[in-house]
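Q: So that we are looking at the same thing, I have put the structure below in structure tokens.
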Amino acid sequence: MGSYTEEIIGVINETCGEGTCDLSKKDTPLVEIGLDSLDYVTVVMALEDKFDVEIPQTSDNDLWSIADLDKFLASKVH
């Protein structure tokens, strides 16, 4: 995985509690690894604040996964 994966996982653990989500599924949408919709939004907002970027909204059919967020951050954070 890319350079932001561990930081993304850290934010997820802070939001949901460590061990509550299956973080081994890096390509699976966050809401399918154990985050509810509020946690999903909280994680995205926390990453926006942490990296000072705006993460675009997604459709219900194209939700962010850990791998997606990693790629996005790698392309936007300098």
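Derivation of every value follows stated rules applied to the coordinates shown; laboratory data play no part. Values in this document were obtained by computation on a predicted structure and should not be read as measured data. No Cβ is skipped: glycine too gets one built from the backbone with ideal geometry, and neighbour counts run over all protein chains shown.
Q: For the charge dipole of the chain, defined by +1 on Lys and Arg C-beta atoms and -1 on Asp and Glu C-beta atoms about the Cα centroid, which residue among Tyr4, Thr42, Leu30 has the Cα displaced farthest towards the positive pole?
A: Farthest towards the positive pole: Tyr4.
Q: In deg cm²/dmol and to the nearest 500, what is the mean residue ellipticity at 222 nm of the chain if only DSSP H runs of at least 4 residues count, each as -39500 (n - 2.57), divided by the residue total?
A: When only DSSP H runs of four or more count, the value is -15500 deg cm²/dmol.
Q: Oh, and also: State the number of lysine pairs found in the chain whose Cα atoms come within less than 17 Å, restricting to pairs 8 or more positions apart or on distinct chains.
A: The number of close lysine pairs in the chain is 4.
Q: Another one. Rounded to the nearest 20 debye, what is the charge dipole size of the chain about its Cα centre when +1 sits on each Lys and Arg Cβ and -1 on each Asp and Glu Cβ?
A: For the chain, the charge dipole is close to 200 debye.
Q: Can you tell me how much longer the chain between Glu48 and Lys76 gets when fully stretched, taken as 0.36 nm per residue apart minus their C-alpha distance, in nm with one decimal?
A: Fully extending the segment from Glu48 to Lys76 adds 9.0 nm.
Q: Can I ask one more? Treating the Cα atoms of the chain as identical point scatterers in vacuum, please give the log10 of the normalised Debye intensity I(q)/I(0) at q = 0.12 Å⁻¹, two decimals.
A: Rounded to two decimals, the profile gives -0.27.
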